[in-house]
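Readers should treat all values here as calculations from the given coordinates under stated rules, not as data from a laboratory. Computed from a predicted model, the values in this text were never measured in an experiment. Note that each Cβ is placed from the backbone with ideal geometry, even for glycine, and that neighbours are counted across all protein chains shown.
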Amino acid sequence: MGQREVWRLMSRFNAFKRTNTILHHLRMSKHTDAAEDVLLEKKGCAGVITLNRPKFLNALTLNMIRQIYSQLKKWEQDPETFLIIIKGAGGKAFCAGGDIRVISEAEKAKQNIAPVFFREEYMLNNAVGSCQKPYVALIHGITMGGGVGLSVHGQFRVATEKCLFAMPETAIGLFPDVGGGYFLPRLQGKLGYFLALTGFRLKGRDVYRAGIATHFVDSEKLAMLEEDLLALKSPSKENIASVLENYHTESKIDRDKSFMLEEHMDKINSCFSANTVEEIIENLKQDGSSFALEQLKVINKMSPTSLKITLRQLMEGSSKTLQEVLTMEYRLSQACMRGHDFHEGVRAGKWQMGTYHFGEMGFVSICC
C-alpha cells in the first residue's frame with residue numbers, strides 16, 4: 001500500500017472519528033437538556049433546588065426525582081451547607097405534580113415504570129420529612145400532588161398570594177398520596193378529610209391559615225427573601241426562622257380577611273366526621289345547605305373507589321409515622337395501577353373536571 005493510500009485511509013478514519021464525536025456531543029446535549037429539568041446549585045450558605053420545567057408547570061419526572069434525592073443527601077452531609085431551598089421556575093407553578101399520563105400509558109404497554117416511579121418519589125418525600133438541614137419550600141403558584149409532597153413535609157413552607165394548593169386525586173381514580181395520609185388528617189378538625197375527598201382548592205394566605213404553609217410572603221418580595229436567606233452566615237434554624245418571620249409579619253396582602261372556609265368549618269367537622277363515605281354523603285344531604293349540596297355534587301363526580309380508599313387512608317394515617325404512611329401509600333398506589341379507575345380517569349381526562357383544566361397543555365399532571 002502506497003503512502004498516498006495510507007494518508008487517504010487515515011483521513012477517512014479521522015473524518016469518521018469527528019462524526020462520532022459530533023454525534024456523541026449531540027446525545028450528551030439531549031441528556032443535558034433532560035438534566036436541566038432541575039437545577040441544583042450551591043449558593044452562599046444554601047443548596048438551591050429549582051424545578052425547571054415551566055412549560056409543564058414544573059411537573060416531576062423520574063430523572064428529576066433521582067437528581068433531587070441524590071443531591072439532598074449530599075447537602076445533608078455537607079458541613080458547608082446550612083439550609084436547603086426549593087422553588088419552581090417560571091412564576092406559574094411551584095410544581096403541579098407528576099406526569100401521570102406517562103405512567104398510565106407505560107402500564108398499559110406492560111412497561112413496569114409505576115413501581116419504580118412511586119417508590120423513588122415516596123423515598124424523596126421521606127427524605128424531605130427527615131432532612132437534617134432546615135428545608136425551605138417557596139410554594140409560589142400551583143402546588144398540587146407531587147409538588148405538595150416536595151414541600152409540605154419540610155420544616156418551612158412559604159406561600160404567596162399566588163399559591164394554589166389542591167389534592168384532587170379522587171377525580172382520576174387515585175388518592176392523595178405523597179404523604180397525604182400523614183399531613184391531611186393532622187390539619188384542624190376534619191379540614192384534611194374535606195380537602196382530600198373533594199379536591200377543594202386553597203389560595204394564597206388561606207394555604208397558611210389551613211396550616212399547610214408555615215409562612216406567608218408577598219410574591220414581589222420573594223426574591224428579596226431568598227437573597228436574605230442566602231446572605232446568612234452559618235445560620236441556625238432559629239436564624240432562618242427569624243428571617244422568614246420578619247417577611248411574614250411585614251406582609252399585608254389579605255391580612256384582614258378571614259379564612260375562606262371559616263364559616264363552613266362547623267359543617268365540615270360534622271359532615272366529614274363519619275367513618276364511611278356513605279355516611280358522609282348522607283350527612284351532606286341532611287345538612288341541606290348550599291355549601292353542603294355543592295360538596296355533594298363534587299363528591300358524586302369522583303371515583304367511588306378512590307373516595308373509599310382515601311377515607312380509609314386518612315383514618316389509618318392519622319396514627320402512623322410519615323414513613324409508615326408512605327409504605328402504606330406505596331402499596332395502595334400499586335393496587336390502583338392494577339385497577340380500572342385510574343387508567344380510565346387518565347384516559348378520559350378527568351383531571352379536566354371543574355376548573356382543574358390543563359388539557360390545552362397536552363398532558364395530565366398530578367400527584368403520583
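Overview of values
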quantity	calculated
Given Lys110/Lys301; Lys92/Lys320; Lys55/Lys257; Lys267/Lys320; Lys87/Lys257, the pairs whose alpha carbons are separated by over 31 Å	Lys92/Lys320; Lys55/Lys257
Overall Cα dimensions of region 38-350 - principal axes, largest extent first, Å	57, 52, 36
Reference-scaled alpha-carbon Rg (2.2 N^0.38 Å with N residues) for region 36-132	1.15
Extended-chain gain in nm, criterion 0.36 nm per residue less alpha-carbon gap, Asn246 and Thr276	6.4 nm
Fully extended contour minus Cα-Cα distance, from Lys203 to Phe291, at 0.36 nm per residue	29.9 nm
Under 5 Å, built H, 5+ apart or other chain: amide partners of Ala59	Ala96
Computed label-point distance, nm, for sites Ile113 and Ser318 using a 7 Å Cα→Cβ extension	3.7 nm
Peptides 111-122, 228-239 ordered by average Cβ neighbours within 10 Å, highest first	111-122, 228-239
